[in-house]
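The next block holds one structure in the form of structure tokens; read it before the comments.
The values are calculated or read from the model by the stated rules, or taken from the named source; none is laboratory data. Owing to the predicted nature of the structure, the values given are computational and were not obtained by experimental measurement. Here the Cβ positions follow ideal geometry from the backbone for every residue, glycine too, while neighbour counts run over all protein chains shown. Accessible surface areas use protein heavy atoms only, side chains included; no ligands, DNA or RNA. Shrake-Rupley method; radii C 1.70, N 1.55, O 1.52, S 1.80 Å.
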Amino acid sequence: MGELSVTRNLAAPVLPPLPRSTTTSDLVVDAIREAILAGRLAPGETLVERRLADLLGVSKTPVREALIALAANGLVTVSPNRGAVVRNVSTDDVCKAYEVRLLLEPWAVAKAVRDGGTVESARAHLEEARRLLPGTDHVPLSLANRRFHRELYAGCGNEIVVRQLDSLQELAALGAVSIIWEQSPTWRAEYDEHAEILAAAEAGEAETAERLLRKHIRQSLRRLEQRTT
């Protein structure tokens, strides 16, 4: 019996990529994250799926998916006895997150710049942060900064590094709002540092962007370490 011969059109993908859209689960993640950063969901508070679903006007399924995502990123802990709980984040936890960012993020941004990654969205997030500077609610500003950083490193071509940095950004955002900015109102200085980093990235100066970002993260880490002494 002859072998079955199948001719494949190599030019066509087996499965074409789906268009990216914001899902209900994504929106729920954003809402719960913002509530945690703002302190409306307090550290140690149990996150009851039904209650959250009722508050958000959604079913339990996207809430469950959102809690899994937030647990993976370190803002929520899950235990057999209590279920999902808002994580009690210490200064030491945030310091460790910044230490790993210091190792990974400057390299990732430099790699993205060398590979010609686009930084247009980073410019938009920097502009968003500039508009938020005069405000008294620093949670939106911290989230804008988080998005700015992600756009710079997301094009590094290493999905393992990107996933690790994504999870660290959650703790970094929480650390900025609840620890660093409570002690030192440095958000305007950080904006200026972001502008310098982006200018280097837009100019294709990978080494300069790497150096500036390393200095930027190290300064935040130094502020955190001063808090522990």
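Screening the stretch 100-117 for residues that are more than 11 Å from LEU171 (Cβ to Cβ) and of a type outside the set (A, V, I, L, M) and picking the one that is surrounded by the fewest Cβ atoms within 10 Å (Cβ to Cβ) gives GLY116. For the stretch 111-142, a tally of residues being within 18 Å of LEU213 (Cα to Cα) and among the aliphatic types (A, V, I, L, M) returns 6. Scanning the stretch 118-136 for residues that are charged (D, E, K, R) and open to solvent by 100 Å² or more (accessible area, probe 1.4 Å) turns up GLU120, ARG123, ARG130, ARG131. Within the stretch 70-82, being within 17 Å of ALA35 (Cβ to Cβ) and not hydroxyl-bearing (Ser, Thr, Tyr) holds for LEU70, ALA71, ASN73, GLY74, LEU75, VAL76. Out of GLU170, GLU151, GLU182, GLU196, one residue alone is out of contact with any Lys or Arg (no Cβ under 6 Å at 6 or more places or on another chain), in contact (Cβ under 8 Å) with a residue 40 or more places away in the chain, among the acidic types (Asp, Glu) and assigned to a helix (DSSP H, G or I). It is GLU170. Within the bounds of the stretch 63-84, is there any residue that is of a type in the set (D, E, K, R) and buried (at least 17 other Cβ atoms within 10 Å of the Cβ)? No, the conditions are met nowhere in the stretch 63-84.
From the set of residues in the stretch 170-229 that are more than 28 Å from GLY117 (Cβ to Cβ) and out of contact with any helix residue (DSSP H, G or I) (no Cβ under 7 Å at 6 or more places or on another chain), which is surrounded by the fewest Cβ atoms within 10 Å (Cβ to Cβ)? Filtering the stretch 170-229 for residues that are more than 28 Å from GLY117 (Cβ to Cβ) and out of contact with any helix residue (DSSP H, G or I) (no Cβ under 7 Å at 6 or more places or on another chain), the one surrounded by the fewest Cβ atoms within 10 Å (Cβ to Cβ) comes out as THR229. Once the stretch 156-167 is narrowed to residues that are surrounded by fewer than 20 Cβ atoms within 10 Å (Cβ to Cβ) and in contact (Cβ under 8 Å) with a residue 40 or more places away in the chain, the residue that is nearest to GLY74 (Cα to Cα) is SER167. Would you confirm whether or not the stretch 34-45 contains a residue that is open to solvent by 70 Å² or more (accessible area, probe 1.4 Å), at pLDDT 85 or above, of a type outside the set (Gly, Ala, Ser) and in a loop (DSSP other than H, G, I, E, B)? Taking every residue of the stretch 34-45 in turn, at least one turns out to be open to solvent by 70 Å² or more (accessible area, probe 1.4 Å), at pLDDT 85 or above, of a type outside the set (Gly, Ala, Ser) and in a loop (DSSP other than H, G, I, E, B).
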